[in-house]
1. Anything in segment 100-116 that is surrounded by 14 or more Cβ atoms within 10 Å (Cβ to Cβ), assigned to a loop (DSSP other than H, G, I, E, B) and acidic (Asp, Glu)? List them, or say none.
2. I'd like the full set of residues that are crowded, with 17+ Cβ neighbours inside 10 Å and over 16 Å from Asn124 (Cα atoms), limited to segment 66-79.
3. Going by the conditions given, is Ile62 modelled with pLDDT of 90 or more and open to solvent by less than 40 Å² (accessible area, probe 1.4 Å)?
4. Answer yes or no: is there a residue in segment 61-71 that is assigned to a strand (DSSP E or B) and more than 24 Å from Ser23 (Cβ to Cβ).
5. Looking only at segment 18-59, count how many residues are surrounded by 12 or more Cβ atoms within 10 Å (Cβ to Cβ), among the acidic types (Asp, Glu) and touching a residue at least 24 places away in the same chain (Cβ under 8 Å).
Amino acid sequence: MLIAWARGKKGRDRQGYEDEIVSSVFGPLRYLNAEQNRKVVESILIQAWPELKSNFSDTKKIETCDIEFWPNIAKEGRVEPDILILITHQDKSKTRLLIEAKWNSKQNENQLHDQWVEANNQVNKTNVLHIF
């Protein structure tokens, strides 16, 4: 919740507590050691995409996970997934995991599409995954 407060998200929407919940659930990931963080992110990926389990071979194994809350990923305007996790694999390839959470709030028109397009338009060549 402190991350939401620090980013000016607290009380922004009097109807819901989506941002506070996102930061309360995912915020501790920023403070885990690298191995714990890797295990949590790997578990999230395998839960969403079971076929990825076999992809975590020696070279595709996750090396680091950098977590960012509400980043603006748009080249112009604002496109903010709730969370962006930049995963670096041991072979130095990268994966961007976008997470968009909803809690008593509705999805904005084209929100997921815009996030997907902007994440795929980034300069660095990365694999993009998206969880809603």
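The values are calculated or read from the model by the stated rules, or taken from the named source; none is laboratory data. What you see is a predicted model, and the numbers here were worked out from it, not measured in a lab. Here the Cβ is made from the backbone with ideal geometry for all residues, glycine too, and neighbour counts use every protein chain on show. Remember, those area values only see protein heavy atoms, side chains included, never the ligands or the DNA or RNA. Shrake-Rupley method; radii C 1.70, N 1.55, O 1.52, S 1.80 Å.
1. Glu100
2. The first filter runs over segment 66-79 and keeps only residues crowded, with 17+ Cβ neighbours inside 10 Å, leaving 67, 69-70, 73, 79.
If the condition is that a residue be crowded, with 17+ Cβ neighbours inside 10 Å and over 16 Å from Asn124 (Cα atoms), then Ile67, Phe69, Trp70, Val79 are the ones that fit.
3. no
4. Scanning segment 61-71, I find at least one residue that is assigned to a strand (DSSP E or B) and more than 24 Å from Ser23 (Cβ to Cβ), so the answer is yes.
5. So the answer is 2.
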